[in-house]
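The values are calculated or read from the model by the stated rules, or taken from the named source; none is laboratory data. Since the structure is predicted, the reported quantities are computational estimates derived from the model, not experimental observations. As a convention, Cβ positions derive from the backbone with ideal geometry for all residues, glycine included, and neighbour counts pool all protein chains shown.
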């Protein structure tokens, strides 16, 4: 049976998502081991589908692990340990030393990590928005009605199933990452409320984002299966 502290760590780890897929790293089975010391130090060993996954994505997940666990009141320090990755040592040592992505990968990795992070915040927002809109339409809400909803309306809506309720909570979280000023429930990436005349175009855009993420996800899962199968073969040998 897991201890209370271990359970708490796993709970906050579920908030860390693969930036490309917008799925929790716990659901994707990236986490290999959680080690908690009596002094409040936490080590999290994790591994990605391949050794050459983008250092940008690896950094975002490793730093996400560190940030989420650090918020637990009893935690003294957090050490994410990325295993079997070409940049694993650099990422592990950099985060442990408190260095930034730019300092760790100066001259080696292209792009501003904050811009990369922003890009995936937008993609997550779009994917979650489509789910919530579809859930509301299934509940019998008209397009004109849902587009006039504000965040309080969305929070208080009584869904008929738990999955839709979870989609709602995840979308409101993503909404907060995109804007802090527009309280309309359904906005675009420019913080403008979606209008009825633009609804069809908006849904086409959201669909394109979802299909792209689903394709990436299918590739990721295939690589995971290959990795796991290879490990089983090595164990038998």
- Single residue of segment 39-63 satisfying the filter (within 12 Å of residue 77 (Cα to Cα) and either assigned by TED's automatic domain parsing to the domain that holds residue 120 or assigned to a loop (DSSP other than H, G, I, E, B) (or both)) that is farthest from the chain's Cα centre (by Cα): 39
- Could you check how many residues of segment 8-26 are surrounded by 18 or more Cβ atoms within 10 Å (Cβ to Cβ), over 10 Å from the mean Cα position of the chain (by Cα) and assigned to a loop (DSSP other than H, G, I, E, B)? 0
- Message: Take residues that are farther than 30 Å from residue 79 by Cβ and tell me which of the helices (runs of 4 or more DSSP H) falling wholly in segment 92-158 contain 3 or more.
- Response: 113-138, 143-147, 151-156
- Item | Members of segment 27-38 found to be assigned to a loop (DSSP other than H, G, I, E, B) and surrounded by 15 or more Cβ atoms within 10 Å (Cβ to Cβ), listed by number | 28, 30
- Item | segment 161-180, residues that are under 11 Å from residue 135 (Cβ atoms) and either in a helix (DSSP H, G or I) or in the same structural domain as residue 17 (by TED's automatic domain parsing) (or both) | 163, 164, 165, 166, 167, 168, 171
- Query: Out of segment 159-186, which residues are at pLDDT 95 or above and over 20 Å from the mean Cα position of the chain (by Cα)?
  - Reply: 184, 185, 186
- Is there a residue being buried (at least 21 other Cβ atoms within 10 Å of the Cβ), touching a residue at least 12 places away in the same chain (Cβ under 8 Å) and either touching a strand residue (DSSP E or B) at 6+ places or on another chain (Cβ under 6 Å) or in the same structural domain as residue 48 (by TED's automatic domain parsing) (or both) anywhere in segment 119-126? no
